[in-house]
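**Student:** Please find one structure pasted underneath; my questions will follow.
The values are calculated or read from the model by the stated rules, or taken from the named source; none is laboratory data. Computed from a predicted model, the values in this text were never measured in an experiment. Backbone-built Cβ (ideal geometry, glycine too); neighbour counts: all protein chains shown. When the accessible area is computed, the model is the full protein with side chains, heavy atoms only, and any ligands, DNA or RNA have been set aside. Shrake-Rupley method; radii C 1.70, N 1.55, O 1.52, S 1.80 Å.
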Amino acid sequence: MGNKQTTFTDEQLEAYQDCTFFTRKEILRLHGRYRELAPHLVPLDYTNDPDIKLPLALIITMPELKENPFRDRIVETFSEDGHGNLTFNDFVDMFSALCETSPRELKTIYAFKIYDFNRDNFICKEDLQKTLTKLTKGELPLEEVTLVCDKAIEEADLDGDSKLSFADFENMISKAPDFLSTFHIRI
């Protein structure tokens, strides 16, 4: 008989399954990926819910995030402290919300939070400029960025307040057929 290492209790695994879009096997794989980032900090045994947070600088080195222009914003959005330090629960939440099987409504909520750079619960022109600059890797001249942002607000701003509320954003995303297929991270 071998010594089998327990990573989570059955109750913990069931709880993760209940509140994510992952199977037990995927949750264990996520723990392995989290632990790979800092094996000296992250214990193999999570049955006692250790209070471990990995810093943004480690999380963004993952191949799944490394090339994403929004990697910092994604991690900051899912961190409980807002600075990008992720607990294992935050880590699981991030990958669950952004997995391929996550529903459009959930992805829309997090896309809005990611693009709301100033965290005022609106996407203003400055937020759009930062978004477009990241998407184009800064290769568009400022005049073009401004023109695109003005046009986007003009078309998507339903209440005429020169910024996008969540309802405005949700309406705009509903007209983007490729949103679901492009707004995800595979683990």
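**Student:** Restricting to DSSP loop positions (anything but H, G, I, E, B) with no more than 14 other Cβ atoms inside 10 Å of their own Cβ, which trypsin sites (Lys or Arg not before Pro) remain in segment 151-187?
**Tutor:** Values: sites: 151, 163, 175, 186; in loops: 163, 175, 186.
In loop regions of segment 151-187 (DSSP not H, G, I, E or B), the sparsely surrounded trypsin sites (Lys or Arg not before Pro) are 175, 186.
**Student:** How far is helix 24-37 tilted off the main Cα axis of the chain, in degrees rounded to 10, range 0 to 90?
**Tutor:** Approximately 80 degrees, to the nearest ten.
**Student:** Carbon and sulfur atoms: what percent of the 1.4 Å accessible area of segment 1-130 do they account for?
**Tutor:** On the way: 3480 of 7040 Å².
So the carbon and sulfur contribution to the accessible surface is 49 percent.
**Student:** Under unit Cβ charges (Lys, Arg +1; Asp, Glu -1), what dipole magnitude, rounded to 20 debye, does segment 17-90 have relative to its Cα centre? Kindly include the intermediate steps, with their values, before the conclusion.
**Tutor:** Details: 9 positive and 13 negative charges, 65 e Å.
In total the dipole reaches around 320 debye.
**Student:** Place +1 on the Cβ of every Lys and Arg and -1 on the Cβ of every Asp and Glu in the chain, take the dipole about the Cα centre, and give the residue among 103, 164, 30 whose Cα lies farthest towards its positive end.
**Tutor:** 30
**Student:** Choose one answer from 99, 19, 124: the residue with the largest mean-square fluctuation in a GNM of the chain with alpha-carbon springs under 10 Å.
**Tutor:** Sorting by GNM fluctuation, first place goes to 19.
**Student:** Which residues' amide hydrogens lie under 5 Å from the amide hydrogen of residue 164, considering only partners 5 or more residues apart or on another chain, with H built in the peptide plane?
**Tutor:** HN-HN under 5 Å from residue 164: 123, 124.
**Student:** What angle do you read, to the nearest 10 degrees and between 0 and 90, between the alpha-carbon axis of helix 125-135 and the longest principal axis of the chain?
**Tutor:** For helix 125-135, the angle is close to 60 degrees.
**Student:** Sequence neighbours fewer than 8 away in the same chain don't count; with that in mind, list the aspartates and glutamates whose C-alpha is under 15 Å from residue 163.
**Tutor:** 116, 120, 126, 127, 150, 154, 155
**Student:** Using the Kirkwood radius over Cα pairs, work out the Stokes-Einstein diffusion coefficient for the chain at 37 °C and 0.692 mPa s, in µm²/s as a whole number. Provide the component values of the computation, followed by the final result.
**Tutor:** Details: Rh = 18.1 Å.
Translational diffusion coefficient: 181 µm²/s.
**Student:** Which residue, 141, 39, 103, tops the fluctuation ranking in a GNM of the chain built on C-alpha contacts under 10 Å?
**Tutor:** Result: 141 has the largest fluctuation of those listed.
**Student:** Within 13 Å, Cβ to Cβ, of residue 118, how many net charges do the neighbouring residues add up to if Lys/Arg are +1 and Asp/Glu are -1? Spell out each step's value before the answer.
**Tutor:** Working: positive: 73, 113, 119, 125, 130, 163; negative: 76, 116, 120, 126, 127.
Combined, the nearby Lys, Arg, Asp and Glu give +1.
**Student:** Suppose every K and R has +1 on its Cβ and every D and E has -1 on its Cβ; what is the size of the dipole of segment 39-177 about the Cα centre, in Debye to the nearest 20? Could you put the intermediate results ahead of the total?
**Tutor:** Numbers: 15 positive and 28 negative charges, 73 e Å.
In total the dipole reaches around 360 debye.
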